[in-house]
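Structure first, commentary second.
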Amino acid sequence: MKKQDFTTTILVDQTRKQAFDAINNVRGWWSGEIEGPTDELLKEFTYRYQEFHYSKHKLVEFIPDKKVVWLTTEGSINFVADKSEWNNTKIVFDISEKDGKTQIRFTHEGLTPQLECFDACSNAWTGYITDSLRRFISSTHPEEQDFTTTILVNQTPEEVFDAITDPRGWWSEEIEGNTDRLNSEFDYHYQDVHRCKIKIIEFLRGQKVVWLVLDNYFKFTEDKSEWKGTRISFGIAKKGKETEIRFTHQGLVPEYECYEICNKAWTYYVNTSLRDLITTGKGGPNLREGNEFEKQREDRSAWEN
């Protein structure tokens, strides 16, 4: 390592495993505009920030709870003369114990003061590591605390997958955007109480769907953004003749002010509404504003008949 390489260090109370897992969840602390796996040795992912910066990274070292190294294989920085300044540089995360805490030493090997982008990039990394990554690690909790619930149905994994990826049919009609395509983003809102922006980061037909919450607002909590950076996952697997759906909201933990309300809401949406959509073709989502009166009229008509 050259002495001039940009480096910074943080200390957190979480374990080395929790720090390692958070580092590899790059979308949670660096950017939602990332495509590709970020937690597998020799795999590549791309990062993009508007029209200003694009880079491709390959995971060349991946030692659990100890070290992660990315090699920048491609790059384009549009605000400097040499747009490839990051090419062949390495981004290193060293994880160790120090004074009863976990230390993360971040180094961008090759990012030196001689590069035109140094000031902008070193300032950006300082923010991402000492603020965003630190806060992201500090917000992690043991996996067993994440809200999770499981249901079993008689339908096929493919039928289950199709229902899950139609959240307007079981979660809310107030959803805007594509919900059935990898890397798509969609917006959810419930009156003036809750809204969030979600990105689809895993999409394996008949197997798994994962949403990343890019932004969130709650009217009823002190921290309005409690869901931000959390993941909502649907694992699908055959269990004998039935299909199991394991729903987990990773990061929705009892310490959250919204936990009790969100726990009850997800329990209904998954255990009742999603199950009904899968098994009968009709779920019980939140209705689009303005549709409540029409629904009441239909229910009254059915009752009278």
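The values are calculated or read from the model by the stated rules, or taken from the named source; none is laboratory data. On a predicted model such as this, the values are computed, not experimentally measured, just so you know. Glycine gets a Cβ as well: all are built from the backbone with ideal geometry, and neighbour counts include every protein chain shown. Surface accessibility is based on the protein's heavy atoms, side chains included, excluding ligands, DNA and RNA. Shrake-Rupley method; radii C 1.70, N 1.55, O 1.52, S 1.80 Å.
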| Enumeration of residues in region 107-134 that are more than 20 Å from D5 (Cα to Cα) and either touching a strand residue (DSSP E or B) at 6+ places or on another chain (Cβ under 6 Å) or surrounded by 17 or more Cβ atoms within 10 Å (Cβ to Cβ) (or both) | R134
| request: Among the strands (runs of 3 or more DSSP E) lying completely within region 45-163, list those that include at least 1 residues that are closer than 30 Å to F247 by Cα and free of Cβ contacts under 8 Å to residues at least 12 places away in the same chain. | output: 53-63
| request: Would you check if I200 is assigned to a strand (DSSP E or B), in contact (Cβ under 8 Å) with a residue 12 or more places away in the chain and under 19 Å from T38 (Cα atoms)? | output: yes
| Give me the pairs: first residue in region 204-218 and open to solvent by 10 Å² or more (accessible area, probe 1.4 Å), second residue in a strand (DSSP E or B) and small (G, A, S), beta-carbon distance under 9 Å, and six or more apart or on different chains, which are they? | Q207/G235; Q207/A237; K208/S233; K208/G235
| In region 164-174, the residues that are in a helix (DSSP H, G or I) and in contact with a strand residue (DSSP E or B) (Cβ under 9 Å, 6 or more places away or on another chain) | I164, P167, R168
| Can you tell me which residue in region 1-11 is surrounded by the fewest Cβ atoms within 10 Å (Cβ to Cβ), limited to those that are modelled with pLDDT under 95 and not polar (S, T, N, Q)? | K3
| said: I'm trying to understand the selection: among the residues of region 60-90, which are among the charged types (D, E, K, R), surrounded by 14 or more Cβ atoms within 10 Å (Cβ to Cβ) and under 20 Å from P37 (Cα atoms)? | reply: E61, D65, K67, E74, K90
| Of I137, I104, which residue is in contact with a Lys or Arg (Cβ under 9 Å, 6 or more places away or on another chain) and crowded, with 16+ Cβ neighbours inside 10 Å? | I104
| said: Can you find a residue that is at pLDDT 95 or above, touching a helix residue (DSSP H, G or I) at 6+ places or on another chain (Cβ under 6 Å), in a strand (DSSP E or B) and open to solvent by less than 40 Å² (accessible area, probe 1.4 Å) anywhere in region 228-239? | reply: yes
| field | Matching option when the condition is open to solvent by 20 Å² or more (accessible area, probe 1.4 Å), part of a loop (DSSP other than H, G, I, E, B) and without any contact (Cβ under 8 Å) to a residue 60 or more places away in the chain, among R181, R195 | value | R181
| task | Would you tally the residues in region 34-47 being among the charged types (D, E, K, R) and surrounded by 15 or more Cβ atoms within 10 Å (Cβ to Cβ)? | result | 3
